[in-house]
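The next block holds one structure in the form of structure tokens; read it before the comments.
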Amino acid sequence: MARGCTPPRTVRSLTALSIPHLAAFGQALREDDDQKARSTYFSLFREAGKAEHVLLADDAHLLRTLYGEGVATDAIDEYVRVFREPGALTAALDWYRAMTPATGDLPPVEVPTTYIWSTDDAAVGRFAAELCSDFVDADYTFEVLDGVSHWVPDEAPGAVTAAIRAQVRQGR
């Protein structure tokens with residue numbers, strides 16, 4: 001690309017589920033006691049090898065428990081099957097292992113964004129969810145789903161679809 005040219009936007013909009021902008025999440029981890037308590041599982045997830053063993057032990061009992069009661073058993077079985085594939089669970093856990101204090105320095109999102117958070121999310125509290133708007137420099141919609149857990153696509157696929165369709169209809 002020629003010097004001084006602005007690259008074309010490859011992302012025209014964003015719909016984020018459960019996890020807010022990582023700078024908002026990082027701020028919540030530093031400032032909000034509720035978020036600190038919700039995130040204590042990070043210490044296990046960051047232990048390479050140990051986390052994989054613990055999560056998959058005893059027919060993946062702990063991993064299955066993390067999905068709670070809102071996710072269908074057959075879906076959980078499929079997730080466990082996939083996570084048992086060599087390297088799959090490690091790849092998923094590497095998201096936690098890659099988060100550092102520098103994650104909080106990420107720039108704001110500059111495309112129209114919808115963030116969907118749910119009131120029964122055990123992993124992300126309201127403070128982090130509401131803070132997300134501070135890190136979006138574009139049209140922003142905050143959708144709250146009552147009574148849904150962290151696993152929004154599994155428990156409320158219709159709400160997710162409706163939010164995405166609303167963005168598309170608005171020309172985002």
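The values are calculated or read from the model by the stated rules, or taken from the named source; none is laboratory data. Keep in mind the model is a prediction, meaning the values are calculated, not measured. In this analysis, Cβ positions are derived from the backbone assuming ideal geometry, glycine residues included, and neighbour counts consider all displayed protein chains.
Quick look at the numbers
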| quantity | calculated |
| --- | --- |
| Tally, over the range 117-172, of residues that are hydrophobic (A, V, I, L, M, F, W, C) and in contact with a strand residue (DSSP E or B) (Cβ under 8 Å, 6 or more places away or on another chain) | 18 |
| Residue in the range 98-106 that is closer than 22 Å to Ser43 by Cβ and of a type in the set (Asp, Glu) present | no |
| Count of the range 42-97 residues which are assigned to a helix (DSSP H, G or I), out of contact with any helix residue (DSSP H, G or I) (no Cβ under 9 Å at 6 or more places or on another chain) and at positive phi | 1 |
| Residues (in a loop (DSSP other than H, G, I, E, B), over 17 Å from Ala23 (Cα atoms) and modelled with pLDDT of 95 or more) located in the range 98-125 | Thr119, Asp120, Asp121, Ala122 |
| Scan of the range 31-46 for residues that are surrounded by 15 or more Cβ atoms within 10 Å (Cβ to Cβ), out of contact with any Gly (no Cβ under 9 Å at 6 or more places or on another chain) and charged (D, E, K, R), ordered by number | Arg46 |
